[in-house]
């Protein structure tokens, strides 16, 4: 369905206003599906994001500032999220031996195992985009990057993306 149909609004001040509303509406649509997928694991989107960041750093440790810089939701209270994950046993948090003001944060085996268990439900969330072709998805990524003023990524060819996203054939 179209945005106009979904929010019951026929006219917009401009295509720019419609685009902003469409981005916000789509954000909530995706967040709703993601939150639903995470519900069974008793984990929030922000906690999932921190675990993903720490998995990317594994086996190295991370600092609060590194996590904060890489968070998708910049308004999150990173220290509080880290503490909740520590209580769940999904991460470890230790004082830094070289700087007593800093802490070293690392994902635990339990945290890695949880992310592995969550893989299928999170892939299912990605399937929300399967109404788009791989070329349309690449174009969407480029447009969103451009909107935020990000540097464009250099890809050899979109066909390479198509190959990367094909199911393996045995």
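Under the 0.36 nm per residue contour assumption, what length would be gained going from the current alpha-carbon distance of residue 120 and residue 5 to full extension?
Numbers: separation 115, 0.36 × 115 = 41.40 nm, distance 3.17 nm.
Difference between extended and current length: 38.2 nm.
Ordering 122-132, 73-83 by mean Cβ neighbour count within 10 Å, with the highest value first, yields 73-83, 122-132.
If you fit an axis through the alpha-carbon atoms of helix 45-57 and take the longest principal axis of the Cα set of the chain, what angle between them do you get, 0 to 90°, nearest 10? Here the helix axis deviates by roughly 60 degrees.
Helix-derived [θ] at 222 nm for the chain: sum -39500 (n - 2.57) over DSSP H runs of at least 4, divide by residue count, nearest 500?
Values: 8 runs with 99 residues, N = 170.
The per-residue figure over the chain is -18000 deg cm²/dmol.
May I ask for the angle, rounded to the nearest 10°, between helix 134-147 and the longest principal axis of the chain, with both axes built from Cα atoms and the value confined to 0 to 90°? Value to nearest ten degrees: 80. In the range 11-131, the C-alpha radius of gyration followed by the widest Cα-Cα span (Dmax) gives 17.1, 61 angstrom.
Take each peptide in 9-18, 112-121, 49-58, count the other Cβ atoms within 10 Å of every residue, and average; sorted highest first, the result is 49-58, 112-121, 9-18.
The numbers here are math on the coordinates, done by the rules we state, and not lab data. None of these values were measured; they are calculated from a predicted model. Here Cβ is always computed from backbone atoms with ideal geometry, including for glycine, and neighbour counts include all displayed protein chains.
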